[in-house]
Amino acid sequence: MIYLFSVIFGVIQGLTEFLPISSTAHLIILHRLWPIEVSSDLGYDVVLHGGTLLALLVYFRKDVVRYLAGFFRSFRHWDPRHDHDQRLAWLIVIGSIPAGLIGYAFEANIEEQLRSLWVIVATLFVGAALFFIVERVSRKDREIQTIGTGTAVVVGLAQALALIPGISRSGITIIAGLFAGLKRAAAARFAFLLSIPIIFGAGLKKILELVQQGALAQHPLVYLVGLIASVISGYLCIKYFLRFLQNRSLIPFAYYRLILGICLAVLLLVGVL
C-alpha cells in the first residue's frame, strides 16, 4: 500500500508543479490526509521535486543545451543583441538571482512559519484573484524572444514569492510574464526554464542535508517509486499544458484554486484537518 501511495504522491507532484495550482499546497494536504511512512515530509517532497526537475530537463533538453552553449559562448564573444541563445541564457541567470538569494536567506523561516493550511487557503484565493485580473488586463502579444532584463527581474522576483506554500511557482511566474505582455505559452515556457536553476539548487542543498542525516537510505524504494511517477507525470503535464495555453486561458485554474481553497477551509473549520 505504501508504494501505491508513493505513486499517487509522485503523480500529484508532477501535475501540480507545472499546473498553476501549487505542488507544495497539494503535498502538504496529502501528507495530512494520507501520512505515509517516510523519514520526513520535506525530505520526501525534495525527492519528488527532483523528479519534476528531471522532467524539465528531458522536455527542454534541446533548449538547455543551446542556452548552456550560449552562456559559455558569451565569455568568448559577448554579443547578446544578435545571439538570442546567449541573451536568454543570461536572462535566466538574472531572473534566478532574486529567488536564489531570498530562498537562501529566508527558506528556513518560511518552512517553519508558513507551512500552515490556513496560509494555503489564503494564497489559493490570492492566486485565483490574480488569474482573473491578469487575464482581463494583460496584452498577451509578446513572444519569449522579446524578453528583456526588466521582465526577467520581475518574473524572478515573482518566483521568489513561490517559497510561500499555495502561491505556485509556475502560477506566479506565468502571471508576472502575462503582466509584462507575454503570450500565455511564452510566459509558461520562460517560467519553466527559469525554474530549472532554482529547483536544482534548492534540491541539491536539501539532498546533501538528507544524505548527511542518512534519511534517504531509510526508504529507498518508496522514494524511487515516487520519483519515477513524478518524472513521467511531470513530462506529460509540461507537454500538454503548453499546448493548452496556445489558445486557452488560465481561468479554469482560477476556479480550481477557489474550489480547493473553500473545501480546505471547510475541512479546517469542522476539524477534519
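Since every read-out is calculated from the coordinates, none of them should be taken as a lab result. Since this is a predicted model, take the numbers as computed values, not measurements. Heads up, the Cβs are rebuilt from the backbone with ideal geometry, glycines too, and the neighbour counts pull from every protein chain shown.
Report, in degrees rounded to the nearest 10, the 0 to 90 angle that the Cα long axis of helix 117-137 makes with the longest principal axis of the chain. Approximately 30 degrees, to the nearest ten. Under the simplified labelling scheme, the Leu57-Ile259 pair shows an inter-label distance of 3.6 nm, with each label point 7 Å from Cα along Cα→Cβ.
Going from the fewest other Cβ atoms within 10 Å to the most, the residues Ile92, Ile175 appear in the order Ile92, Ile175.
Each residue in His219, His31, His84, His77 was given a count of other beta-carbon atoms within 10 angstrom of its own, and listing them fewest first yields His77, His84, His31, His219.
When the chain is fully extended, how far beyond the present Cα-Cα distance does Val137 get from Ala105, taking 0.36 nm per residue of separation?
That pair, Val137 and Ala105, stretches by 8.1 nm at full extension.
Modelled label positions at Lys239 and Leu224, each set 7 Å beyond Cα in the direction of Cβ, lie 2.5 nm from each other. Residue separation of Val266 and His82 scaled by 0.36 nm, minus their Cα-Cα distance, works out to 60.8 nm of gained length.
The C-alpha atoms of the chain define a longest principal axis, and helix 184-213 lies at about 50 degrees to it. Shape of segment 113-225 from its Cα gyration tensor (a ≥ b ≥ c, root eigenvalues): rounded if a/c is under 1.5, otherwise prolate when a/b > b/c, or oblate? Prolate is the answer for segment 113-225, as a/c is 1.5 or above and a/b outweighs b/c.
Ordering 49-60, 239-250 by mean Cβ neighbour count within 10 Å, with the highest value first, yields 49-60, 239-250. Overall, the anisotropy analysis places segment 2-269 in the oblate class: the square-rooted eigenvalues a ≥ b ≥ c of its C-alpha gyration tensor yield a/c not less than 1.5, with a/b not exceeding b/c. Here the relative contact order of the chain, from alpha carbon pairs under 8 Å that lie six or more residues apart, stands at 37 percent. With neighbour counts taken as other beta-carbon atoms within 10 Å, the residues Thr173, Thr151 rank, fewest first, as Thr151, Thr173. For the chain, the longest principal axis of the C-alpha atoms and the axis of helix 41-59 are separated by about 30°.
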